[in-house]
Amino acid sequence: MKKVTFLTLASLLLIFLFFALFSSIYAEQTVGFKEGDWMEYDVVVTGTGSLPPTHDVRWMRMEVLSVDGDAFSVDMIVRFVNGTIGSSVWEYNFTEGNTGGWTIIPANLGFGDTFFDSYFEPYVVPIRGEEQREVLGAVRTVTYGNDSIRHHKEWDKATGFFIGSVEVAQNFTNSNGWYIENLTMTIQATGTNMWTQQFFGLDQFVFVLFVLVLVLVVVGLISGLIIWKKKFANSNSVGLKPKLVLMYGKKMLYVFIVCVLLFSLGILCKQLLFDNF
């Protein structure tokens, strides 16, 4: 009984620590990613006229180079319509309102929350809605917002990375004198390393861990039942049978609790080693 109590308490403590860690990480972080995280996008341009050569992009990739509190740098790699590749480092700072044209915003903002943008003029941008949907193989919470230039911009709530946008330019002349008649630029995320494909609504790592633990439980139960059946069948003592039932019942409980501990420990290690940015 003491072993069962100890293992049960250990399981509950581990699960509690996991949820406490998970809650604290996502409640306090404004930067929802780490160095090396990236996202790629396809860009489709439709309408009349053409973009300036310096902005006529058909593919882009954003990769985080460094993170220092609310400030971070991102390598912006683009492929132009003529096939050439360009690269530049963008500096972001949420405190100062540098969001790179809303390409990355503070993490975990929900409907009604706001973020600071200082590019055109100091003003506060509201999150106008959020919804759950599948993004790049996983169910994610998607938020969105807009203004007169960015007709629709969507972000992954947990990371703050934008995952899609629709921007329209009509009868517009840029600072270099390039005239845009009527163009719509649609950008859509096509790949990332910040989350993995899900199976039955579970993260790939969690799904594999769950299957392994389930296999251990099934193997343990089957092995225990086979051993119990042999000993139970060979037992001639009536008083010994309840004792055998109790003994193997405890062993099955030990197996179950150990598997719960392994499952919880695996998720906790993943959170600490891979997701704790």
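What to note about this one:
- Test result for Gly97, small (Gly, Ala, Ser) and under 25 Å from Ser175 (Cβ atoms): yes
- Hey, Asn108 buried (at least 17 other Cβ atoms within 10 Å of the Cβ) and in a loop (DSSP other than H, G, I, E, B) or not: yes
- Consider region 168-188 and keep the residues that are buried (at least 17 other Cβ atoms within 10 Å of the Cβ) and at pLDDT below 90. The one that is farthest from Gln132 (Cα to Cα) is Ala169.
- Among the residues of region 43-83, just one is among the charged types (D, E, K, R), farther than 16 Å from Phe161 by Cα and not in a strand (DSSP E or B), namely Asp56.
The values are calculated or read from the model by the stated rules, or taken from the named source; none is laboratory data. Only a predicted model underlies this, so the values are computations on that prediction, with no experimental measurement involved. Cβ atoms come from the backbone with ideal geometry, glycine included; neighbour counts cover every protein chain shown.
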